[in-house]
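For reference, the structure discussed in these notes is given below.
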Amino acid sequence: MKKSKGIIVIVVILACLLGLGYYAGTIVKATGDKQKDASQEASGNAIKLGLDLSGGVSITYRIVDENPSEQDIEDTKSKLEERAESYTTEYAVYKSGSDRITVEIPGVYDANEVLESLGSPGSLYFIVQKDSDGNANYSYDSTIASEHPDWAPYKLNSSIEDLIANGSVILTGSDVKSADAGYQSDSTLGTQKPVVELAFTDEAAKIFGEATTSAYANNESIGIYYDDHFISVPNVNAAITDGNCIIEGEDSYEAANQLATFIRIGAISLKLEELESNVVGASLGGQALSSSVKAGVIGLILVMIFMIVMYQLSGVVASIGLAIYTTLVVAFIYLFEITLTLPGIAGIILGIGMAVDANVIIFARIREEIASGKTVLTSINEGYKKALSAILDGQVTTFIAALVLMMLGSGTVKGFAYTLMISIVVSLFTALVVSKYLTRAFYAIGFKSEKFYGRAKMRKQINFIKYRKAYFIASLCVILAGFVGMGAFAASGKRALNFSLEFVGGTSTTVVFNQDYSVDEVESEIVPVIADAIGDTNIQPSAVSGSNSVVFKTKTLSLEQRDAMNNALVDKFGVDESKIESRSISSTISGEMKSNAIMAVVVACIFMLLYIWFRFKDLRFAAGAILALVHDVLVMLTAYALIRISVGNTFIACMLTIVGYSVNDTIVIFDRIRENLHSVKVQNPETLADAANKSLTQTLSRSINTSITTFVMVFLLFVFGVSSIREFSLPLMVGLASGTYSSIFIATQLWYVMKLHLGKDRLIKK
């Protein structure tokens, strides 16, 4: 690269940074303004924030059906979750009292808009045109056409109960998997026409296939009946046996979307009616986001200073790349309309660590090449070339995990996956493109001396393999302590883990105060009084916009605790006790969400294992990485159990963060082992141990430096954050420490042991 071109590259990159910085700054400012007055539309570009950071709409439905089964209630909650997810992944749906279901959707402050989408769910039926005796089940009615132009102009010839009894109702709403509006090409006119795309469950697909085969043969229709009228009576133009069908004939996309919405609404098992809707405030208060931003800014500055001190000119390059990474992530989160909550912040933190890690790997390689006697320019080119495989393998492995979590997860798991995938892609771009061109540009304008880049020091090789049994025993003791602790707590009548109300449900208490309190005032003045009365600090307050009401969610309260809370509120704040309403609420993390999260993690681990196996051509590398990952999860579980950290929504996010971090850290070391093994002519226990020790020693400074920078970010969240953020950052710090430990002292040692004793090419034969 010529000097003139180098100057142009530097100027362009710095100009892009300034532009991105200004754009990201306007987004952050608009987001802050939005949070200060969440119920109002903020000017400018604002990121969508979750209920924990900004509040949103809370809608409570009453179950009309008498004595509904728990299965029907769970099915209904699941369907409402699917609908709420069209707004954001960060919703909450839970049972409230014996006959109510509450839906909370963040970032939306128009209750009517949400109600139109969710609707008042009723019964949905698919009815064949004629019964088994050939009698028509419905007929055209011109009166309906004139009085209700939005309805399909048909009426039932018998009651719905009779049609169900004689088998004319072939499917109900519970058989619908999805219903969406879309477009289909018209081959005759060459235009796009609006349609409704329907998909049925596997079992329903067979029934629908038989019904459409018969209807097509007899040129008949199948009516879709919702609540008390037909919403569509489409003719069957072909036998549909794959469970997917298209409803044509809609005048506009809006009409198709309305029909799809009615079908989705009707897929709910129970009849619901709206009881109340409110705009609720943030459950973490106005300080939560500002403190997180403050921690992030200070953390980035400290990380940049650390990088510059450690890597000189390369550190400056890394700092510019890190600044571009941060602004791009903010921009993409806004542009992709991702709702930001604590799990999302976790994904960004992990991305920052991986962005720094990619640069550290490259700079360490450049220093090694310089130390081997090569020129600075050759060392720069070779450094990026040799670091590529380690960076790609680590990032791709984590991206695979994020992709699986996005596809199979739900709720906070999906939100975490979105931000993590964005962070991975952006960190790869800044490390492999921005930093690379910047480094070459600085060299071109005159920074050609090796003093600007550093020279790798010859370090005495550490025998990490020798004491592997001690490392294994230490880890087993820590993990065993966790299980013993959980058993002891369970035996004493407490729960094995300190589950929050997101997992086990609790009590929701609505209090009408004599004045309007902000969430910050509630947290500083009222929450401590309630915590002292009930003997528990795990309280989630939400102010109801436009009123003096505040909702307090706590763990399940006994009658004595409720009385103590009521008395404290009456004595301290002059509340009218008759205006205090308490009711039990179910967990916001449904059984389906838990099972989805577990399934997503298991499938992600399987795919990561397969990828590592494919890339390293040795299943023992993959097994070592996955076992180290399991080790870190169990160590974090020990921390949750013994320190009694509250296990809530952030528990899933913390575990997922460490899964991604641990695998990435281990892959970098394994990549160096793979490289060093190429120079080993004869593999035996001694040469294998030497290659492993050499690799661990070579990557030790990189592992420590990456861990320090990531740990600093999380530690500052702990220092500056509110109590809920501290409960999120504390176990994350434990996980980061465990991830670093397992990468250095567990993963490689496990690979070494398996290399000796497992596989056809094992070194120690039985």
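Quick notes on this structure:
- Among the candidates Tyr418, Tyr471, the residue that is assigned to a helix (DSSP H, G or I), within 24 Å of Thr650 (Cα to Cα) and of a type in the set (Ser, Thr, Tyr) is uniquely Tyr418.
- Here Thr213, Thr188 are screened, and the one residue that is at pLDDT 90 or above, among the hydroxyl-bearing types (Ser, Thr, Tyr) and open to solvent by 60 Å² or more (accessible area, probe 1.4 Å) is Thr213.
- Here Trp151 passes the criteria (1) in contact with a helix residue (DSSP H, G or I) (Cβ under 7 Å, 6 or more places away or on another chain); (2) part of a strand (DSSP E or B) except the one numbered (2).
- Any hit, segment 163-177, residues being more than 16 Å from Phe262 (Cβ to Cβ), in contact with a Lys or Arg (Cβ under 9 Å, 6 or more places away or on another chain) and either surrounded by 11 or more Cβ atoms within 10 Å (Cβ to Cβ) or among the basic types (Lys, Arg) (or both): yes
- Filtered residue count, segment 474-509, keeping only those that are part of a helix (DSSP H, G or I) and of a type in the set (Ser, Thr, Tyr): 1
- Of residues in segment 216-241 being outside any helix (DSSP H, G or I) and hydroxyl-bearing (Ser, Thr, Tyr), the one surrounded by the fewest Cβ atoms within 10 Å (Cβ to Cβ): Thr241
- Pair list, Cβ under 6 Å, 6 or more apart: segment 53-78 residue at pLDDT below 75, other residue part of a helix (DSSP H, G or I): Leu53/Ala288; Leu53/Leu289; Ser54/Gln35; Ser78/Glu592
- From the options Val404, Val360, residue that is within 23 Å of Glu85 (Cβ to Cβ), touching a residue at least 12 places away in the same chain (Cβ under 8 Å) and open to solvent by less than 40 Å² (accessible area, probe 1.4 Å): Val404
- Count of segment 521-580 residues, restricted to those that are at negative phi, of a type outside the set (Ser, Thr, Tyr) and touching a strand residue (DSSP E or B) at 6+ places or on another chain (Cβ under 8 Å), is 28.
- Qualifying positions in segment 418-435 - open to solvent by less than 40 Å² (accessible area, probe 1.4 Å) and β-branched (Val, Ile, Thr): Thr419, Ile422, Ile424, Val426, Thr430, Val434
- Thr554 meets each of the listed conditions (1) surrounded by fewer than 15 Cβ atoms within 10 Å (Cβ to Cβ); (2) within 22 Å of Val504 (Cα to Cα) apart from (1).
- Taken together, Ser729, Ser695, Ser662 contain a single residue that is more than 28 Å from Asn463 (Cβ to Cβ), part of a helix (DSSP H, G or I) and hydroxyl-bearing (Ser, Thr, Tyr), which is Ser729.
- Among the residues of segment 364-407, those identified as among the polar types (S, T, N, Q) and outside any helix (DSSP H, G or I) are Ser372, Thr375.
The values are calculated or read from the model by the stated rules, or taken from the named source; none is laboratory data. Computed from a predicted structure; not experimentally measured. A quick note on method: Cβ atoms are made from the backbone with ideal geometry, for glycine too, and the neighbour counts reach across all protein chains shown. Side chains are part of the model used for accessible areas, which takes the heavy atoms of the whole protein and leaves out ligands, DNA and RNA. Shrake-Rupley method; radii C 1.70, N 1.55, O 1.52, S 1.80 Å.
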